[in-house]
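Undergrad: One structure, as structure tokens, below. Some questions next.
Read the figures in this text as sums done on the coordinates, not as results from a lab. Not measured: the values here are computed from a predicted model. Here the Cβ positions follow ideal geometry from the backbone for every residue, glycine too, while neighbour counts run over all protein chains shown.
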Amino acid sequence: MSEHRQGQVPDPTAQQRDGHPVFRVSGAGEGRGRMKAAKTTHRDAMEQTDLALAAREQGDEVLALRHFRKAYELEAQAAAAYATRLDAEPTRSVLFRSAATLALDCKLLPEAEKLACTALTGNPPEDIAAELRDLLEQI
């Protein structure tokens, strides 16, 4: 897989290579429509997370993992919309932290690490930066 560089984020809608998302470079000039779509995608990811937690509570780990994986894919997509928006803190780092946490929940360790590092390449608030560093230690 290619080296991770600033501005590159997993594109869960792209084809997969060796079971991992292919990277794409996020372009500049995202408009309001893209940001609105990212917010909707984020809400969908949180709904999937709620379903995953409910499945886990019922003892269905297979279904929980399926919902966590869908939540990860959606949240990574939402975060990708903010990849180059270094002026969009704390939204940018919160989305990347969430996507990284979901990747970790899915045991997608390389993806979790890349997402957390991407969040730290911006200017996250100190409390979120500390959470991201803690997340990196878990990986």
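Undergrad: State the Cα centre-to-centre distance between the range 68-98 and the range 111-136 in whole Å.
TA: Their Cα centres are 11 Å away from one another.
Undergrad: If you plug each phi of the range 46-60 into the Karplus form 6.51 cos²θ - 1.76 cosθ + 1.60 with θ = phi - 60°, what whole-Hz ³J(HN,Hα) values come out, in order, with x for Gly and Pro?
TA: So the Karplus estimates, Gly and Pro as x, are 5, 5, 5, 5, 4, 5, 5, 5, 5, 5, 4, 4, 7, x, 9 Hz.
Undergrad: Which lysines, if any, have their Cα less than 27 Å from the Cα of LYS36, not counting same-chain residues under 8 positions apart?
TA: LYS70, LYS114
Undergrad: Also, I was wondering about something else. By average Cβ neighbour count within 10 Å, what is the ranking of 93-101, 56-64 from highest down?
TA: Values: 93-101: 25.9, 56-64: 12.3.
For the peptides 93-101, 56-64, the packing ranking is 93-101, 56-64.
Undergrad: Let me ask something else. How high is the relative contact order of the range 75-137? Use alpha-carbon pairs under 8 Å, at least six apart in sequence, and give a whole percent.
TA: Over the range 75-137, the number comes to 33 percent.
Undergrad: Ratio of the range 30-118's C-alpha Rg to 2.2 N^0.38 Å, to two decimals?
TA: Details: Rg = 13.1 Å, N = 89, 2.2 N^0.38 = 12.1 Å.
With N residues counted in the range 30-118, Rg over 2.2 N^0.38 Å equals 1.08.
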